[in-house]
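The values are calculated or read from the model by the stated rules, or taken from the named source; none is laboratory data. For clarity, every value in this text was computed on a predicted model and none was experimentally measured. A quick note on method: Cβ atoms are made from the backbone with ideal geometry, for glycine too, and the neighbour counts reach across all protein chains shown. Calculation scope for accessible area: heavy atoms of the full protein, side chains included, ligands and nucleic acids excluded. Shrake-Rupley method; radii C 1.70, N 1.55, O 1.52, S 1.80 Å.
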Amino acid sequence: MDMETPAASRDGGRGRVAADRLSALPDHVLLNVLSCLTSLQAARTSALSRRWRHLWRAVPCIDIDQSEFLRPPRPAAADLRPTRVHAFYDAAKEEHERLLASIELRDRFEDLGDRLSLRHDASSPPLDALRLRVACDDFRAALKWIRRGLARRPAALFLRCDNDYPEDKVKDRRWPCFPTAYAAGSFTCRLRTLRLSGLRLTREFADALAAGFPVLEDMQLQECRCELRRLASASLKKLSIEFECHGLAYKFDELVLMAPSLVSLRLGDAPPITMQCLTSSVVEATLMHRAGDLGVLRSLRGARTLKLFWFSRTALLDDGEPGGFPVFGNLRTLLLDGCDVGAQCHVLRRFLGNAPGLETLTLRNCLRSGVFSGGSAPTSRSRKRKASAKRKRSDDQRAPAAYPCRNLKLIELEFEEDHALSELAGALRDISKEVVHPIEGSVQDGRRTIKIKYT
């Protein structure tokens, strides 16, 4: 059915109103479109036509974003009255106007949150998502919206608290706690996705996670202050922890993780992790030192994709510890970025020898001081030749004759253009597969990329 609305575009400027085909779409399609907008944006669509007037009220998402109520600062006006009295008067007047405008915007924001969160009764359908972004100083007012939103049993919960002073050690009020009082029973019985940012996570949150989120599968913690020592979830499949709070993100030396159903793990600037149970179900893992070490890698030996960032040599070598270097029987993709692979690439040789199914290997930013990380650069040609011969003898003694790597298809190297590759070449030479020539290479902004393909 073709509909005509005043907001529709005119055809060729001849005065005819084009058909409003968007409004002719079924309700469920339009509701999916409106679900991609914030609640304020969705409400504004009511001005489009009679068809849209009440459609936004049926959107199965509540998205309250305080940043939509922030006005950019006005540009400073030219100083036409340079006297001190007038300057003081103008500054006081501008500050008063700014304060009144701030109060007005905050009132409008709270009114919107109240109206949206009160759209609930016993017959209201469950929410697909509840999204809330609010400043730390206004988080207390947002607690009632969280309570009302959770009462509609959302499938996804996104809470972001903007903290202008994350380094403040004294004022803990700038780090509001996750409202665990509402995270229990029927409120979270459908919750499968949880995103938290800028909150303080206490032991009460850990207890609620273990008992009050029975079907939670995807959790992301970003820029939070972590005060718990243990995270346990029987249903969790995807976990991402990234803290960037200048060393204030966690108040302990270790985080125990127990998630037997975990499939994807991403640990950014997180505390050191201990896996309490072997998570053989993990398929993809991304770890940044200091979050992980060889003990964590042993728990991830079943992973198909492994990405390690800034790991030290001591964190990757066993040095006689029980368990030794793990065998990654399922590993297909390995990325080492900024890692110290040891003298004579000893760490890299361990991976090549213990990942028989490896298909793609990427080494990025692992070259330091003119040689592959772990060595020291010779200063003369004769010393270079002696060091090269010594490295070759050491490689022959410590490394196997060849690494099978039967499935290896590609090795990609990325490094500074002036870095040497002598130690790396010795390690790659032991791969018993034929290289496809010519080898691809490129240089951009002083960085060289080399792609070595195998038959």
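Scan around Asp63 for amide H atoms under 5 Å from its own, H built in the peptide plane at 1.01 Å from N, and keep only partners 5 or more places away or cross-chain.
Amide H neighbours of Asp63, under 5 Å, 5+ apart: Ser39, Arg131.
At a probe radius of 1.4 Å, what is the per-residue accessible area of Glu227, in Å² to the nearest 10?
My reading of the accessible area for Glu227 is about 60 Å².
Multiply the residue separation of Asp27 and Arg50 by 0.36 nm, subtract the distance between their alpha-carbon atoms, and state the gained length in nm to one decimal.
6.9 nm
Working out 0.36 nm times the residue gap between Ser67 and Arg447, then minus their Cα-Cα distance, what length gain in nm do you get to one decimal?
Between Ser67 and Arg447, full extension yields 132.9 nm more.
Once label points are set 7 Å from the Cα along Cα→Cβ at both Leu317 and Ala210, what is their separation, rounded to one decimal in nm?
Taking the two extended label points, one gets 3.8 nm.
Using each residue's phi in region 49-56, evaluate 6.51 cos²θ - 1.76 cosθ + 1.60 at θ = phi - 60° and report the 3J(HN,Hα) Karplus result to the nearest Hz, with x for Gly and Pro.
Calculated HN-Hα couplings, in order: 6, 4, 4, 9, 4, 10, 5, 5 Hz.
Hey, rough spin-label estimate for Arg290 and Ala155, points 7 angstrom out along Cα→Cβ, what's it come to in nanometres?
Rounded to a tenth, the inter-label distance reads 4.1 nm.
So what does His437 come to for accessible area, using a 1.4 Å probe and Å² rounded to 10?
It works out to around 140 Å².
Of the cross-linked pairs Lys237/Lys307; Lys238/Lys451; Lys307/Lys453; Lys144/Lys237; Lys237/Lys433, which ones have a Cα-Cα span greater than 25 Å in the structure shown?
Flagged as over cut-off: Lys238/Lys451; Lys144/Lys237; Lys237/Lys433.
Whole-Hz Karplus ³J(HN,Hα) for region 190-201, in order, using 6.51 cos²θ - 1.76 cosθ + 1.60 and θ = phi - 60°, x for Gly and Pro?
Values, residue by residue: 10, 5, 10, 10, 9, 10, 10, 8, x, 10, 9, 9 Hz.
Could you give each residue of region 281-292 its phi-based ³J(HN,Hα) in whole Hz, using Karplus coefficients 6.51, -1.76, 1.60 with θ = phi - 60°, and x for Gly or Pro?
For region 281-292, the Karplus-derived couplings read 7, 5, 9, 9, 9, 10, 10, 10, 5, 9, 5, x Hz, x marking Gly and Pro.
Near Thr305, within a Cβ-to-Cβ distance under 12 Å, what is the net charge of the other residues, with Lys and Arg +1 and Asp and Glu -1?
+2
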